[in-house]
Amino acid sequence: KKWVYLFSDGNADMRNLLGGKGANLAEMTRIGLPVPQGFTVSTEACIEYLKENKLTYEMIGQINSHMSVLEDITKKKFGNKDNPLLVSVRSGARISMPGMMDTILNLGLNDETVVGLAEKTANERFAYDSYRRFIQMFGDVVQEIDKNKFENVLDEIKEREGFQIDTQLTTGHLQEVVGRYKEIVLAETGKPFPQDPNVQLLMAVEAVFRSWNNPRAFVYRDMNDIPHDIGTAVNVQSMVFGNMGDDSGTGVAFTRNPATGENKLFGEFLVNAQGEDVVAGIRTPREIDELRKIMPLVYKQFHDTAELLEKHYKDMQDMEFTVEKGQLYMLQTRNGKRTAPAALRIAVEMEEEGLITKEEAVMRIEPLSLDQLLHPTFDEVALKEAVVLASGLPASPGAATGKVYFTAEEAKAAAENGEEVILVRKETSPEDIEGMYAANGILTARGGMTSHAAVVARGMGKCCVAGCEDAKVDEDAKQFRVGTEYIYEGDYISLDGSAGKVYKGSIGTQEPKLSGHFGQLMEWADACRTMNVRTNADTPRDAAVAVGFGAEGIGLCRTEHMFFNEDRIPSVRRMILSKTKEQREKYLAELLPMQKEDFMGIYKAMKDLPVTVRLLDPPLHEFLPTEPEDIEALAKDMDMSMDEMMSTIHGLEEFNPMLGHRGCRLAVTFPEIAVMQTRAIMEAAIEVKKEDGYNIVPEIMIPLIGMKEELDYVENVVRETAEKIKAEKGSDIDYKVGTMMEIPRATLIADEIAERAEFFSFGTNDLTQMTYGFSRDDAGKFIGEYKEKGILPNDPFQSIDVGGVGKLVEMGVKLGRTTKPDLKIGVCGEHGGDPKSIHFFQRAGLNYVSCSPYRVPIARLAAAQAAL
Ligand code: ADP
Ligand code: MG
Ligand code: MG
């Protein structure tokens, strides 16, 4: 079997076999660039090595024979005293990953060849400097000797001689260093430093293979979903020397600016330096532009090479090069990492330059990276001067600055006065919603990434730092303390929700820019898409934000969020606690004009775009007061004794509210609620249609259906009401009645349900929770451990479980469309904004996904990529 490949045998497509570095070295060789020649021991050899626990004879034989070929190519001899061949040994997996073994340079040096190198180059200092570097690197990475042991020797000699930098060391000093390094190796390993270059080489190759399974590499692969069984390749490459004087050097460069995307060579280099000196920060490197002055010919050649590589790979390249005595060598190229703004600019400009197609440009952008661009950011100059006060969890991205307020009411009042507000709470609850809206940002002392504050803030696209335990919040005293520092109501603080940082004082912010390269790329993405992207929005404000982000309708408008409003909650509570239908209808009548107003606002914000409204869903006790004084006030208000009130409230309590009296079950037991809501939806639609001329077709969605009979019952209530209103108003408005698919049973009988339902919307949050049988609110306690133990690959509430929950979705789609071939089917819930899940929804044949407003651009791009 072939385990070893010359650079001239490979190409860029052989990445899996040769690793990224090896495949690109081969490709650069193939297109005639100046690459120091060498060979690659394949990833297959690595896998075999890890199985056998040693290099096989066959591999060793091939390594040796390729070494002979390399000797012929370079006209040097490995281990030869007069004309020694030296090599580097470099790891390189299919996917570049940190944690693997560091590169070894100058392999092949020993007590004899170092003399030969000195003579041949007429540079004794250079030769001994190379030798001591080699022993240090080999000792560190292959023999696993503590690096500091070597560093200490250097430091000691420098101090003794009064030197500041390594370049002051003379040949004599370096010879002394070499001697002492060899003593260290002997003391640490019990054996002399290996003098036979062939032994050095095999030890280094083995060490690279072994490093595949070191703990750092293992953790990195786990975190990044990289398989553990693909192995790394090893590249053995003849050395070129950047440390041979002032006509030599080494550097790294990007073909475009990786921070901004500007189309201009960007990088750094060092004169008279080897290997990692540039990144190691030992000396301050110079900007690549200066190379033009120092070595004009080399600069021109490098500049042209960079351009050629970019055209060849059709992507921005990150390159490593070395100059030996005025001669340029390319040591590495790969697609460069970049910031989100740079990625957009590069993709759009490359299309304009004719380098890539629009589709390729669309595929180039990581959808989740767009999140960085959708939120305000701090003014960079101001941020440098800012003082960090405390740190918490980066719960919702963005930057915010404002005066501190400790209650939702005060925050709201201050905002209405035109103040910039930061709401600070121990933790938030549904009653704080309006304060959260009014605030520029939210800081909580308690709660995690899925706490109320975090979830709601993300939905609103509002900056939030949660779980900031350092902040001791005293809401009554209107102050919080961090250490000995006190912040009082009205003081300015600033929040960075992307980093979880809290700053003292006010820092200027900048609004995101959605035009330019961003706008252009999104336009191309929209042209590729086949699924629509809607939004989950409960207020005209959210709806408007989402439309600004390109939402094509509302896929989920949750009516219960409107019920938490402080003006309404009294009527809601009275309605819930009513003893008779008549009483309940009376309080529902109080709510009707308010609900109607909500829907009118939403219709106006959405204009001609479709709006799906879901009937009341949560268990009713969620609306009831918990504080004794509130309960007492409510009892008085409703003419009930405290005993009666308490027993009524207890009567509404449930053991498993999520599996209790909620969803369509509310409409079955209290049809008058569905009647009121239908009336609000229909009257609002009729009025806005008349006033503004929009083409409104309300979509009324019934939640939590599990039986066809439930749907039949509630649908009749809704349709009778709707028809009555149409007659009353003399309107011929069209409307649709559909259902959520969120109970596993519903997906199993989707063909029956589709007989009545005019559309489906998969509620994958509930569907996931009911399919797995674990509650979303409690799963956080064990999901982490499930992932650690390899029982769950990832959190099924974040990315849909294709194998299980996904199967139910596919079945629901298939059965539904056997009844109604054109049935419109969408998804609402967190998965609708998750790129991985979106790929699945495309395959499943959905018509649209619906997600929170700030996820809309991400979903648009992910849907485009899923369609390509
Ligand atoms: P990494 O993956 O950490 O970037 P590399 O294998 O690219 O490691 O090696 C790091 C550096 O070592 C290179 O950037 C280059 O400067 C130097 N280097 C590697 N191989 C050679 C070589 N054959 N000749 C000269 N320098 C080399
Ligand atoms: Mg490199
Ligand atoms: Mg649900």
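Quick notes on this structure:
- Cβ separations smaller than 7 Å between residues 6+ apart or across chains give the following pairs from the stretch 419-444 residues that are over 16 Å from GLY459 (Cα atoms) and surrounded by 24 or more Cβ atoms within 10 Å (Cβ to Cβ) to residues that are basic (Lys, Arg) and modelled with pLDDT of 85 or more: VAL421/LYS403; ILE422/LYS403; THR444/ARG425; THR444/LYS426.
- Among residues of the stretch 288-305, those that are under 13 Å from GLY251 (Cα atoms), within 16 Å of ligand 1 (Cβ to nearest atom) and at pLDDT 95 or above, counted: 2
- The residues on offer are ALA667, ALA635, and the sole one that is of a type in the set (Gly, Ala, Ser), surrounded by 14 or more Cβ atoms within 10 Å (Cβ to Cβ) and modelled with pLDDT under 90 is ALA635.
- Residue match in the stretch 210-222 (condition: more than 16 Å from ligand 2 (Cβ to nearest atom), of a type in the set (Phe, Trp, Tyr) and not assigned by TED's automatic domain parsing to the domain that holds MET137): no
- The set of residues in the stretch 408-443 being aliphatic (A, V, I, L, M) and within 29 Å of the chain's Cα centre (by Cα) consists of VAL421, ILE422, LEU423, VAL424, ILE433, MET436, ALA438, ALA439, ILE442, LEU443.
- Count of the stretch 704-759 residues, restricted to those that are acidic (Asp, Glu) and under 29 Å from GLU810 (Cβ atoms), is 9.
- Residue check, LEU368 hydrophobic (A, V, I, L, M, F, W, C), under 28 Å from LYS21 (Cβ atoms) and within 16 Å of ligand 2 (Cβ to nearest atom): no
- Test: residue in the stretch 446-462 that is in the same structural domain as SER391 (by TED's automatic domain parsing), farther than 24 Å from GLY832 by Cα and either assigned to a loop (DSSP other than H, G, I, E, B) or out of contact with any Asp or Glu (no Cβ under 8 Å at 6 or more places or on another chain) (or both): yes
- Selection within the stretch 301-319: residues that are under 28 Å from the mean Cα position of the chain (by Cα) and among the acidic types (Asp, Glu). The member of this set that is nearest to VAL240 (Cα to Cα) is ASP318.
- Any pair with Cβ under 9 angstrom, 6 or more apart, that starts in the stretch 653-672 at a residue that is in the same structural domain as TYR772 (by TED's automatic domain parsing) and ends at one that is at pLDDT 90 or above and outside any helix (DSSP H, G or I): none
- Options SER88, SER96, SER42: the member that is away from ligand 3 (no atom under 16 Å from the Cβ), in contact (Cβ under 8 Å) with a residue 24 or more places away in the chain and outside the structural domain of LYS182 (by TED's automatic domain parsing): SER42
- Flag if THR232 is more than 16 Å from ligand 3 (Cβ to nearest atom), polar (S, T, N, Q) and touching a Cys at 6+ places or on another chain (Cβ under 8 Å): yes
- Output for the stretch 650-683, where each listed residue is of a type in the set (Val, Ile, Thr) and touching a helix residue (DSSP H, G or I) at 6+ places or on another chain (Cβ under 7 Å): VAL668, ILE673, VAL675, THR678, ILE681
- Pairs where the first residue, in the stretch 146-172, is within 21 Å of VAL185 (Cβ to Cβ) and the second is among the polar types (S, T, N, Q), C-beta under 7 Å, 6+ apart: PHE150/GLN136
- Residue list for the stretch 229-276, filter: more than 26 Å from LEU6 (Cα to Cα) and among the acidic types (Asp, Glu): ASP246, ASP247, GLU262, GLU268
- Here THR739 qualifies as within 19 Å of SER850 (Cα to Cα), in contact with a Ser or Thr (Cβ under 9 Å, 6 or more places away or on another chain) and not hydrophobic (A, V, I, L, M, F, W, C).
- Test: ASN110 is away from ligand 1 (no atom under 14 Å from the Cβ) and either on the phi > 0 side of the Ramachandran plot or not β-branched (Val, Ile, Thr) (or both): yes
- Flag if PRO285 is in contact with an Asp or Glu (Cβ under 7 Å, 6 or more places away or on another chain) and either surrounded by 15 or more Cβ atoms within 10 Å (Cβ to Cβ) or modelled with pLDDT of 95 or more (or both): yes
- For beta carbons closer than 6 Å, sequence separation of 6+ or different chains, a first residue in the stretch 225-249 that is within 15 Å of ligand 1 (Cβ to nearest atom) and a second that is among the basic types (Lys, Arg) and assigned to a strand (DSSP E or B), the qualifying pairs are ASN235/ARG90.
- Single unsatisfied condition, PRO296 versus (1) of a type outside the set (S, T, N, Q); (2) more than 16 Å from ligand 2 (Cβ to nearest atom); (3) over 29 Å from GLU351 (Cβ atoms); (4) touching a Pro at 6+ places or on another chain (Cβ under 8 Å): (4)
- Here GLY816 does not qualify as within 16 Å of ligand 3 (Cβ to nearest atom), touching a residue at least 12 places away in the same chain (Cβ under 8 Å) and surrounded by 20 or more Cβ atoms within 10 Å (Cβ to Cβ).
- Identity of the residue in the stretch 94-107, near ligand 1 (Cβ under 10 Å from one of its atoms) and farther than 18 Å from MET203 by Cβ, that ends up surrounded by the fewest Cβ atoms within 10 Å (Cβ to Cβ): PRO98
- Meeting the requirement of 3 or more residues that are of a type in the set (D, E, K, R) and away from ligand 2 (no atom under 16 Å from the Cβ), the helices (runs of 4 or more DSSP H) wholly within the stretch 771-852 are 776-788, 805-819.
The values are calculated or read from the model by the stated rules, or taken from the named source; none is laboratory data. Values in this document were obtained by computation on a predicted structure and should not be read as measured data. Using ideal geometry, Cβ is built from the backbone for each residue, glycine included, and neighbour counts are taken over all protein chains shown.
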